[in-house]
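K.L.:
I am attaching a structure below and will ask some questions about it afterwards.
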Amino acid sequence: MSDYEIILKDRLSDDLIENLLLQRGIKDRQQFFSPMFSSSHDPLLLNDMIKSLKVLIKAIRSDQTIGIWGDYDVDGISGTALLYMGLRQAGAKNLEVFIPKRQDGYGISVDKLADFLNRKIDLLITVDCGISNAKELSGLTIPVIVTDHHELPSELPDCYLINPKLSTDYPFR
């Protein structure tokens, strides 16, 4: 490959990346690829975040068992791992994790949830799922925090809901 072809290939790659970023509304390439924590949006602007934190802090301080139900896709698995590590670092001692298999389907199934709750879960946190599971989450006697970014269904679960689409003040819906 000639020097010209290498330069042209690199330039096309840069143009492709630039176009993809612009199509997604991302104007600052540097900020996207090398984000600074200080330039992040305030997570306390998310719907139910403060209420959820109070419940979570209480659970950690009283050594309750916190169940983390993650989705099986890449953002569900990585989000579950990050939440697990963050809760451990915050002092949570009793953590249970469940990630369904793809054949179990998206979201929360009643059967799998019953099995998971039999582990004596005191607080349930979902990662990347749960916003469409009003029926499955109704009637639970423990607090539930749903963290999800998916589209909002017509019926929402009756629990703490952290979803940027619910937050009128959060700048990145």
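The values are calculated or read from the model by the stated rules, or taken from the named source; none is laboratory data. Everything quoted here is computed from the prediction, not taken from an experiment. Counting neighbours? That spans all protein chains shown, and the Cβs are built from the backbone with ideal geometry, glycine included. Quick note on the areas: whole protein, heavy atoms, side chains included, nothing else; ligands and nucleic acids left out. Shrake-Rupley method; radii C 1.70, N 1.55, O 1.52, S 1.80 Å.
K.L.:
Report, by chain and number, residues whose modeled amide H sits under 5 Å from the one on residue 125, excluding near sequence neighbours (fewer than 5 apart, same chain).
P.N.:
67, 68, 69, 145
K.L.:
Computed FRET efficiency, Cβ-Cβ of residue 114 and residue 75, R0 22 Å: what is it to the nearest 0.05?
P.N.:
Working: r = 25 Å, r/R0 = 1.16.
So the FRET efficiency works out to roughly 0.30.
K.L.:
Could you give each residue of region 143-156 its phi-based ³J(HN,Hα) in whole Hz, using Karplus coefficients 6.51, -1.76, 1.60 with θ = phi - 60°, and x for Gly or Pro?
P.N.:
Per residue, the Karplus-derived 3J(HN,Hα) values read x, 10, 10, 9, 10, 7, 10, 6, 4, 7, x, 5, 10, 9 Hz.
K.L.:
I'd like to verify something in the chain: which complete DSSP H helices, judged by Cα projection on the helix axis, reach 24 Å or more and average at least -1.0 on the Kyte-Doolittle scale? Walk me through the numbers before you get to the answer.
P.N.:
Details: long enough: 3-23 (30 Å, -0.10).
Those that pass (Cα extent of 24 Å or more, hydropathy at least -1.0) are 3-23.
K.L.:
Name the residue, out of 95, 117, 16, whose mean-square fluctuation peaks in a Gaussian network model built on the chain with Cα pairs under 10 Å.
P.N.:
Judging by the Gaussian network model, the answer is 16.
K.L.:
For region 159-173, take each phi angle, set θ = phi - 60°, evaluate the Karplus expression 6.51 cos²θ - 1.76 cosθ + 1.60, and give the result in whole Hz per residue in order, putting x for glycine and proline.
P.N.:
6, 6, 10, 10, 8, x, 6, 8, 9, 6, 8, 7, x, 10, 6
K.L.:
Two decimals is fine: what's Rg over Rh for the chain, C-alpha atoms, Kirkwood radius as Rh?
P.N.:
Working: Rg = 19.8 Å, Rh = 18.2 Å.
So for the chain, dividing Rg by the Kirkwood Rh gives 1.08.
K.L.:
Also, I was wondering about something else. Send over a whole-number figure in Å² for the accessible area per residue of the chain, probe 1.4 Å. Each step should come with its number before you reach the end.
P.N.:
Numbers: 11230 Å² over 173 residues.
I get 65 Å² per residue for the chain.
K.L.:
In addition: Given R₀ = 45 Å, FRET efficiency for residue 33-residue 106 by Cβ-Cβ distance, to 0.05?
P.N.:
Working: r = 30 Å, r/R0 = 0.67.
Computed FRET efficiency for residue 33 and residue 106: 0.90.
K.L.:
Among rounded, prolate and oblate, which fits region 40-101 when a ≥ b ≥ c are the square roots of the eigenvalues of its C-alpha gyration tensor, a/c under 1.5 means rounded, and a/b larger than b/c means prolate?
P.N.:
Working: a/c = 1.92, a/b = 1.11, b/c = 1.73.
Oblate.
K.L.:
Calculate the dipole size of the chain relative to its Cα centre from +1 charges on Lys and Arg beta carbons and -1 charges on Asp and Glu beta carbons; express the result in debye to the nearest 20. Could you put the intermediate results ahead of the total?
P.N.:
Numbers: 19 positive and 25 negative charges, 135 e Å.
The dipole of the chain has a size of about 640 debye.
K.L.:
Quick one: pull the percent of accessible area on the chain belonging to carbon and sulfur, 1.4 Å probe, ligands and nucleic acids left out. Don't jump to the answer; show the numbers that get you there.
P.N.:
On the way: 6300 of 11230 Å².
The value for the chain is 56 percent carbon and sulfur by accessible area.
K.L.:
How much of the DSSP beta bridge set in the chain is antiparallel, as a percent to the nearest 5?
P.N.:
0
K.L.:
Moving on. Set the bar at 31 Å for Cα to Cα. Now go through 58/112; 27/135; 54/120; 27/93 and name every pair that lies beyond it.
P.N.:
On the way: 58/112 26 Å; 27/135 40 Å; 54/120 21 Å; 27/93 42 Å.
Too far apart for the 31 Å limit: 27/135; 27/93.
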